[in-house]
Amino acid sequence: LGGITLLADNTKAVTVKDPWFPRHASDLDNCNHLMTKYEPDLDMSHPGFADKEYRARRKLIAEIAFAYKYGDPIPHIPYTETENETWKRVFNTLVDLVPKHACKEYQRVFNKLIEEKIFEPHCVPQLEQVSLFLKKNTGFTLRPAAGLLTARDFLSSLAFRIFQSTQYIRHINSPYHTPEPDAIHELLGHMPLLADPSFAQFSQEIGLASLGASDEEIEKLSTIYWFTVEFGLCKEGTETRAYGAGLLSAYGELLHALSDKCEHRPFEPSVTAVQPYQDQDYQPIYYVANSFEDAKEKFRRWVATMSRPFEVRFNPHTQSVEVLDSL
Ligand code: NLE
Ligand code: FE2
């Protein structure tokens, strides 16, 4: 009997990981912790701070995200005239810039989204429709998020090919740049590349690397995420183009990033991971990848140097993560 107890204890000792991390896509119902720094209710410099109606709208849409559970369809938001107008302004500036400044992978899917009438100038696309589109293309799906999530919660969802997406719209008074994510940033910035197979794979690998990682490693992974998925540039022949979502949803910064007013450095995970950054204003430094494939290769080699004493593997049939102990 004693032996059996011991065995049970040993089993427990190797299967319970600290810090806790989601093992199944449904565990993401517990991965919705918010960072509060950009809340319009708390931040006096937020363009919505003095706008009661805007704050009430944000609250309503946040409640939808908090009530969301794994397996639910994403609730349809009847966007207001003002919200559709904000989308239209950003969308129309982007249509002009994409052919010249976005990477080819982005352009391919962006055009497809327009052809399939998921992206239209006059109304904000619905997340549910976009989620179905992604699912068909790379298996990624969306779930609504109430605001800027903690890095650990956000990155963990990527391991399951799930992207936590905000659903509210930025304030009409600052359409061309916001420091916080909003549905316009998610849709125009992130959706096209999440439908690209190579980029989807890269995103998932960042997520898998984050599961059970130490706080210090989460910080490094989110810095890499910041300089690639959010603000990355890449080479295309002799040109430099944007693939970062924070650039493709903000036309002022897109032009800034490709001008000579900032610094370009080659993407090198061990260096990029410790680069300090701020999220208030345009970036002074951007990292340039040779291609997604090259970024993925370099990232893999860097992840292999992480200290985690186990490996994780995603099982798409069950939407779960299997943990393999490597002693
Ligand atoms: N600056 C971006 C935009 O205005 O769309 C949002 C960045 C979120 C990290
Ligand atoms: Fe983003």
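Please verify whether H256 is in contact (Cβ under 8 Å) with a residue 24 or more places away in the chain, over 26 Å from I162 (Cα atoms) and in contact with a strand residue (DSSP E or B) (Cβ under 6 Å, 6 or more places away or on another chain), treating the condition exactly as stated.
Against the criterion (in contact (Cβ under 8 Å) with a residue 24 or more places away in the chain, over 26 Å from I162 (Cα atoms) and in contact with a strand residue (DSSP E or B) (Cβ under 6 Å, 6 or more places away or on another chain)), H256 does not qualify.
Can you find a residue in the range 169-186 that is surrounded by fewer than 21 Cβ atoms within 10 Å (Cβ to Cβ) and of a type in the set (G, A, S)?
Looking through the range 169-186, at least one residue is surrounded by fewer than 21 Cβ atoms within 10 Å (Cβ to Cβ) and of a type in the set (G, A, S).
Can you confirm whether F66 is of a type in the set (A, V, I, L, M, F, W, C), in contact (Cβ under 8 Å) with a residue 24 or more places away in the chain and touching a helix residue (DSSP H, G or I) at 6+ places or on another chain (Cβ under 9 Å)?
no
Which one is farthest from ligand 2 (Cβ to nearest atom), of the residues in the range 204-224 that are surrounded by fewer than 24 Cβ atoms within 10 Å (Cβ to Cβ) and among the hydroxyl-bearing types (S, T, Y)?
S214
Examine the range 172-179 for a residue that is of a type outside the set (V, I, T), over 18 Å from P47 (Cβ atoms), away from ligand 2 (no atom under 11 Å from the Cβ) and outside any helix (DSSP H, G or I), and state whether such a residue exists.
No, the range 172-179 contains no residue that is of a type outside the set (V, I, T), over 18 Å from P47 (Cβ atoms), away from ligand 2 (no atom under 11 Å from the Cβ) and outside any helix (DSSP H, G or I).
Among (1) touching a helix residue (DSSP H, G or I) at 6+ places or on another chain (Cβ under 6 Å); (2) within 13 Å of ligand 2 (Cβ to nearest atom); (3) charged (D, E, K, R), where does D196 come up short?
All conditions pass for D196, except number (2).
Being of a type outside the set (S, T, N, Q) and within 18 Å of L34 (Cα to Cα) narrows it down to one of A145, A102, so name that one.
Residue meeting the stated conditions: A145.
So if I check each of L194, L149, which one is more than 17 Å from R89 (Cβ to Cβ), open to solvent by 10 Å² or more (accessible area, probe 1.4 Å) and either hydrophobic (A, V, I, L, M, F, W, C) or without any contact (Cβ under 8 Å) to a residue 60 or more places away in the chain (or both)?
L149
Hey, any hits in the range 252-266 for a residue that's at negative phi, open to solvent by less than 40 Å² (accessible area, probe 1.4 Å) and acidic (D, E)?
Looking for residues that are at negative phi, open to solvent by less than 40 Å² (accessible area, probe 1.4 Å) and acidic (D, E), one finds at least one in the range 252-266, hence yes.
The values are calculated or read from the model by the stated rules, or taken from the named source; none is laboratory data. What you see is a predicted model; the values in this text were computed from it and never measured. Quick reminder, even Gly has a Cβ in these numbers, built from the backbone with ideal geometry, and neighbours come from all protein chains shown. For accessibility, only protein heavy atoms count, side chains too; no ligands or nucleic acids. Shrake-Rupley method; radii C 1.70, N 1.55, O 1.52, S 1.80 Å.
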